[in-house]
Amino acid sequence: MGINKLLIANRGEIAVRIIRAARELGIATVQVHSSADRDSRAVQLADEAIDIGPPQAAKSYLDTEAILKAARDSGADAIHPGYGFLSESAAFADAVAAAGLIFVGPSGDTIRLMGDKAAARAEARKAQVPTVPGSDGLVEDMQAAAELAEQIGFPVMIKAAAGGGGRGIRIATSGEEFRQFAPQASAEAKAAFGDGGIYIEKVIERARHIEVQILGDGANVVHFFERECSLQRRRQKVWEEAPSAALGADIREQLCAAAIAL
């Protein structure tokens, strides 16, 4: 199915980049915007613009019904969520598909699966992707979890299954710390993500954080090599650089192949 008209459900530089890419491909664009962004660069560049609500994001850029109505009214074939806002909302991806539109992004099922880090670990193992030693799924019995942490060997990382952005993480260097930190990690995850589920991973000290960018059409997947994300503050990325100067050709090839397999 081709795309003739694309609705951009985002704002600012993100939207501008999408509009420019669509123009190069000969695709017409529809820019939704809040009342505060009516004079923005993205609105000026797009072929059409539709006001979807007041300045508050919850009443505009996060309003699924308003975005879908704009898509229907404009005759758009597809919706591009950019990043942030609704881009990682499985419910939004499902709603776009249910409306008979193309969602430019992963399916709702994929978003749900990869958003649950414990489930994603299990899926990675199925795809024969190497994983850090840790728990098989969520840990609920704290006594059993503490025993598992001893078996894995300290230090261990207690992580929120629904986490992201460095939130819901604690590092325990002993059984005593594990029993202290596990409830804290669960409580933080519950407050930040609405899900207190946690799992355990062995801490890889002095590790590098390297990500692989992939693109797929639902059947075929390609990679665009890696980016180095190791420079962080409070486990949030400060700087990303591509390619990584730390990788040799063999490791780079294995890493990119693993990303595609997953």
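Things to note:
- Counting charges near E240 (Lys, Arg +1; Asp, Glu -1) among other residues having Cβ under 13 Å from its Cβ returns a value of -1.
- Shape call, the stretch 132-172: gyration tensor on alpha carbons, a/c limit 1.5: prolate
- Of all accessible heavy-atom area on the stretch 5-58, the percent that carbon and sulfur account for (1.4 Å): 48
- Label point distance in nm, A187-A245, each placed 7 Å from Cα along Cα→Cβ: 4.3
- Annotation: amide H-H contacts under 5 Å for T131 (H modelled 1.01 Å from N, sequence separation of 5 or more, or interchain): none.
- In order along the stretch 117-122, the phi-based Karplus estimate (6.51 cos²θ - 1.76 cosθ + 1.60, θ = phi - 60°) of 3J(HN,Hα) comes to 4, 5, 5, 5, 4, 5 Hz; Gly and Pro are listed as x.
- Accessible carbon and sulfur surface of the stretch 83-240 relative to its total accessible area, %, 1.4 Å: 52
- Residue among I200, I214, I169 with the largest mean-square fluctuation in a Gaussian network model of the chain, springs linking Cα atoms under 10 Å: I214
- Accessible-area value, H223, 1.4 Å probe, nucleic acids and ligands omitted, Å²: 50
- Summary value for the stretch 139-256: 20 percent relative contact order, contacts being C-alpha pairs under 8 angstrom separated by 6+ residues.
- A cut-off of 5 Å between modelled amide H atoms, ignoring neighbours fewer than 5 places along the same chain, links A49 with Q31.
- Backbone HN-Hα couplings from phi across the stretch 143-151 [Karplus 6.51/-1.76/1.60, Hz, Gly and Pro as x]: 5, 5, 5, 5, 5, 5, 4, 4, 5
- Sum of -39500 (n - 2.57) over DSSP H runs of 4+, divided by residues of the chain (222 nm, nearest 500): -11500 deg cm²/dmol
- Using a Förster distance of 25 Å, the FRET efficiency for R233-K126 (Cβ separation, nearest 0.05): 0.15
- Taking θ as phi - 60° and the Karplus parameters 6.51, -1.76 and 1.60, the scalar couplings of the stretch 9-21 work out to 9, 7, 8, x, 4, 4, 5, 4, 4, 5, 4, 5, 5 Hz in sequence order, x denoting glycine and proline.
- Accessible-area ranking of F225, F154, F92, largest first, probe 1.4 Å: F225, F154, F92
- Residues of the chain: accessible area per residue with a 1.4 Å probe, Å²: 57
- Förster radius 51 Å - calculated FRET efficiency between E13 and A144, Cβ distance, rounded to 0.05: 0.60
The values are calculated or read from the model by the stated rules, or taken from the named source; none is laboratory data. These numbers come from a predicted model, not from an experiment. Virtual Cβ from ideal backbone geometry, glycine too; neighbours counted across all protein chains shown. Heavy atoms of the whole protein, side chains included, go into the accessibility calculation; ligands, DNA and RNA do not. Shrake-Rupley method; radii C 1.70, N 1.55, O 1.52, S 1.80 Å.
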